[in-house]
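Trainee: I am attaching a structure below and will ask some questions about it afterwards.
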Amino acid sequence: MSEMWINMGPQHPMTHGLWNLRVRIEGELIRDVDPEMGYLHRGIEKISEDRHYNEVITLMDRCCYVAGLAWEHLYIRAAEQALHVDPPERAEYLRVLCDEFQRLGSHLMWYAAFVQDLGLMSPFLYGMRDRDLVLDLFQSYTGARMTYEYMRVGGVRNDLPPGFTASARKVLDWLSDRFREYDQLCLGSTIFRKRCDGLGVLKGPDAVHHGVTGPMLRSAGVKRDLRKDRPYAVYGQLDFDVAFADGADVTARYLVRMEEMRQSVRLLRQVLDWLDRHPGPVIAEHLPRWLGAPYAPIGLEGYLLKRNYPKGVGFSAVEEPHGEALAYVVNEGGEHPYRVKFRSPVFANLSAARTYLVGYHVADIPPIMGSVDVCVGEVDR
Amino acid sequence: MSSATLYSVSYDLSHTLLFALGGLIGGPLGRLLENGDLVTGIGVLVFAALLLAASMLNTIVLIWYERKLLGRFMDRRGAMHVGYAGLLQNFADGLKLFRKHTTRPREADEVGFYFGPTAYLVTSLMIFGILPISTGWNSGPMPLSLLLALVIFSFAPLFIFVSAWSSNNKYSLMGGLRSAAQMIAYEVPLLLAVVAVVVVAGSFSLTTIVYEQQNYWFWGPLIVALIVFVAAMLAEMERIPFDLPEAEAELVEGWNTEYGGMLFAFFMLADYLRALVGSILIVLLFLGGWTLPTWLPGSLTAWPLAGIFWFMVKTYLVFGLFVWIRASLPRVRTDQLLRVGWNRMIPLALLSVFLAAALVTVRCVPVFGCVPSPGA
């Protein structure tokens, strides 16, 4: 069969979202690939310029639909720096709680989608079943399962409901039992190893060169995790290890994500213990008056506000489940951010597709792209 | 053993009907109806109609069975809402597909696009006319029924390829190519495994093969052939470890990407018909067909429809095994599949033929007892 281009996407079971992978194939071999993004662009950065600082949080949930809280955390940190607001310590712990539960939820979703791409049907449902427990926890303290709108400039919206830590511990116990089962279903299967070992190789130098971050980078033997290298929130006070592997292939990425989930459980146990012992306020007491207001003060009041409030620039870097996300918020005074800019980790991971896809088979595309863990919401923003 | 078989029932039905009609009309025209040949002919037609209805019904129940079983494997309950425990869900699904408009891509080849699925379904249905489900099932002895069944079974890749190619879609074409490569690669070990059975049974007739298993079933002494046969059958059915032609992760739906509505239902039905045929063939060739082991009390088979009952129980258990495999294994890759097919399965199948020949020569195996002389 001669060479031909096929479009895998924008509507294709492999994409897990709305993007297009153009593939030039010769028989079953991949000769060239060309990822096309932009089908889900909603202009989130531009819309943010027209919103109050707290209203942007709503957009962050839509930015990445499997890791909304991590993106809220990313934006909030930059916004607080720009606005010169300090959150109370309990709020920081609550944010880490959100982050790590979100990592569990996101990785479980990744696990489900990844094994489904390989044709494993039961683990897909096991992953979704266990992710539901995490979503139930989110629902119990944020009120939502997907679009949480939980964090606020200066803290978080509300404290945990009574009995939350007990039920959270129960979920963690259940999950740490399940990880063994996941490994048996995947690593214990010869077909799985045959489909994943030595596939989609992205070596460390290439990964760094393409700006690849997160589990994909750590699976290439580069031990970089913002939570350790540049601790934010309260990660510096918590005890955990950076998950990494040397294989640089699909199996290595699987191993890294599995280990990350175990480390998340470990972190969460410490956070839950701390939260049990240290009650306190969850939002800063002295906030700019207009931060919580539904409408911006106009006229003279608005003018004075704009003139008097200190200006500033905020930058934050957060280890999101998919990789390193960066945010930049410019406060030129007033109730809206002047400029908001995000760096999406998945965009960089996807852009390197040619490096880790060319030379493999068409049937290898789903497991390789599955191991990248694509979330198009944050790619296109 | 059963006295009333499907064929005798349809013959009696035709006989009663024609003679009643003949008596009603009377005269020479009425006597023309009371003709033995005509009764036989109409009886065969009634038999075919009943068989069609039974196989279709079984297929739909099979889909329900798979859905429920898969549900349990996946920690959920499967279809629950239409009918008792979701029994009517598939009828509702079928009705939905039946009502849908059939669309054909403008660039698709009209003849191939409609001919492919239709021929696929029809050939899959034809096999049921050959398979004996219990004693005296068929109208007459068929000395080469096994061969005929396998020949019709192996028509499928042709029709899949025709419909894939005529869809004028790259995914369909790739799926069709994979399907053809896979089915041809696994046809060889499948037939070699069957040869092992034929060597021991000494006959190509399915009925004779079942009678040869009265004392011991073939799965024990021919375990290698059984393994090869089950694996090759999985590939022929295109079920999960080997479902690359319709690997939805990369090929959308593979060769039936462009099909919707009733034409899709044709493919779906034919797939499950072939799965049913595969399970039935395993029961016939290796699991003693409608017989039960002699050490079980005879009362288990002493009632009219016992043969059919035990046959269906075995068939559904075998299909349950396929569902179990589907629930727990990932999909292999095309090159891996073909490599396993040519490099592992064919030598294994040849070994099974050799073992069968050795068995016939030696006659007695320590654990499994003695083989009667072929054709006895």
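Trainee: Say whether the condition of being outside any helix (DSSP H, G or I), under 21 Å from A:His278 (Cα atoms) and among the aliphatic types (A, V, I, L, M) is met by at least one residue in the range A:154-175.
Mentor: Yes, there is a match, as at least one residue in the range A:154-175 is outside any helix (DSSP H, G or I), under 21 Å from A:His278 (Cα atoms) and among the aliphatic types (A, V, I, L, M).
Condition check ((1) within 14 Å of chain A (Cβ to nearest Cβ); (2) at pLDDT below 90; (3) under 27 Å from B:Gly176 (Cα atoms); (4) buried (at least 22 other Cβ atoms within 10 Å of the Cβ)) across all residues:
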| position | (1), (2), (3), (4) |
| --- | --- |
| B:Glu253 | yes, yes, yes, no |
| B:Gly261 | no, yes, yes, no |
| B:Met268 | no, yes, yes, no |
| B:Gly289 | no, yes, no, yes |
| B:Thr301 | no, yes, no, no |
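Trainee: Can A:Phe179 be described as in contact (Cβ under 8 Å) with a residue 60 or more places away in the chain and either within 14 Å of another protein chain (Cβ to nearest Cβ) or in contact with an Asp or Glu (Cβ under 6 Å, 6 or more places away or on another chain) (or both)?
Mentor: no
Trainee: Can you name the condition, by its number, that A:Gly119 falls short on among (1) part of a helix (DSSP H, G or I); (2) within 14 Å of another protein chain (Cβ to nearest Cβ)?
Mentor: Only one criterion in (1) part of a helix (DSSP H, G or I); (2) within 14 Å of another protein chain (Cβ to nearest Cβ) is unmet by A:Gly119, namely (1).
Every residue, every condition in (1) in the same structural domain as B:Ser134 (by TED's automatic domain parsing); (2) more than 23 Å from the chain's Cα centre (by Cα); (3) in contact (Cβ under 8 Å) with a residue 12 or more places away in the chain, yes or no:
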| position | (1), (2), (3) |
| --- | --- |
| B:Gly23 | no, yes, no |
| B:Pro28 | no, yes, no |
| B:Leu33 | no, yes, yes |
| B:Ala48 | no, no, yes |
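Trainee: Using the structure shown, decide if A:Arg257 is within 17 Å of A:Thr355 (Cα to Cα), at pLDDT 85 or above and outside any loop (DSSP other than H, G, I, E, B).
Mentor: no
Trainee: Got at least one residue in the range A:361-377 being away from every other protein chain (no Cβ under 14 Å) and farther than 25 Å from A:Glu100 by Cβ?
Mentor: No.
Trainee: Which of the residues spanning the range B:326-350 are of a type in the set (D, E, K, R) and buried (at least 20 other Cβ atoms within 10 Å of the Cβ)?
Mentor: B:Arg326, B:Arg331, B:Arg333
Trainee: Please work out which one of (1) modelled with pLDDT under 85; (2) surrounded by 20 or more Cβ atoms within 10 Å (Cβ to Cβ); (3) within 13 Å of chain A (Cβ to nearest Cβ) is the condition B:Val323 fails and give its number.
Mentor: Answer for B:Val323: the failing condition is (1).
Trainee: May I ask you to verify whether A:Ser264 is polar (S, T, N, Q) and either assigned to a strand (DSSP E or B) or exposed (fewer than 14 other Cβ atoms within 10 Å of the Cβ) (or both)?
Mentor: no
Trainee: Of the residues A:Gly198, A:Gly211, A:Gly292, which single one is within 14 Å of chain B (Cβ to nearest Cβ) and either surrounded by fewer than 19 Cβ atoms within 10 Å (Cβ to Cβ) or at pLDDT 85 or above (or both)?
Mentor: Only one candidate qualifies: A:Gly198.
Trainee: Same structure again: Which of (1) surrounded by 12 or more Cβ atoms within 10 Å (Cβ to Cβ); (2) assigned to a helix (DSSP H, G or I) is the odd one out, the single condition B:Asp37 does not satisfy?
Mentor: B:Asp37 satisfies all of (1) surrounded by 12 or more Cβ atoms within 10 Å (Cβ to Cβ); (2) assigned to a helix (DSSP H, G or I) except (1).
Trainee: Hey, another quick one. Within the range A:102-161, how many residues turn out to be on the phi > 0 side of the Ramachandran plot and touching a Pro at 6+ places or on another chain (Cβ under 6 Å)?
Mentor: Count: 3.
Trainee: Could you tell me whether any residue of the range B:229-247 is of a type in the set (Gly, Ala, Ser), away from chain A (no Cβ under 14 Å), touching a helix residue (DSSP H, G or I) at 6+ places or on another chain (Cβ under 8 Å) and part of a helix (DSSP H, G or I)?
Mentor: yes
Trainee: Surrounded by 14 or more Cβ atoms within 10 Å (Cβ to Cβ) and in contact with a Lys or Arg (Cβ under 7 Å, 6 or more places away or on another chain): does that describe B:Gly78?
Mentor: So B:Gly78 passes the test.
Trainee: What single numbered condition from (1) within 25 Å of B:Leu273 (Cα to Cα); (2) buried (at least 16 other Cβ atoms within 10 Å of the Cβ); (3) touching a helix residue (DSSP H, G or I) at 6+ places or on another chain (Cβ under 7 Å) fails to hold for B:Leu88?
Mentor: (3)
Trainee: For the condition within 14 Å of another protein chain (Cβ to nearest Cβ) and part of a helix (DSSP H, G or I), what is the one hit in B:Val283, B:Val340?
Mentor: B:Val340
The values are calculated or read from the model by the stated rules, or taken from the named source; none is laboratory data. Please read these numbers as outputs of a predicted model, since none were measured by experiment. Because the Cβ atoms are built from the backbone with ideal geometry, glycine has one as well, and the counts that use them run over all protein chains shown.
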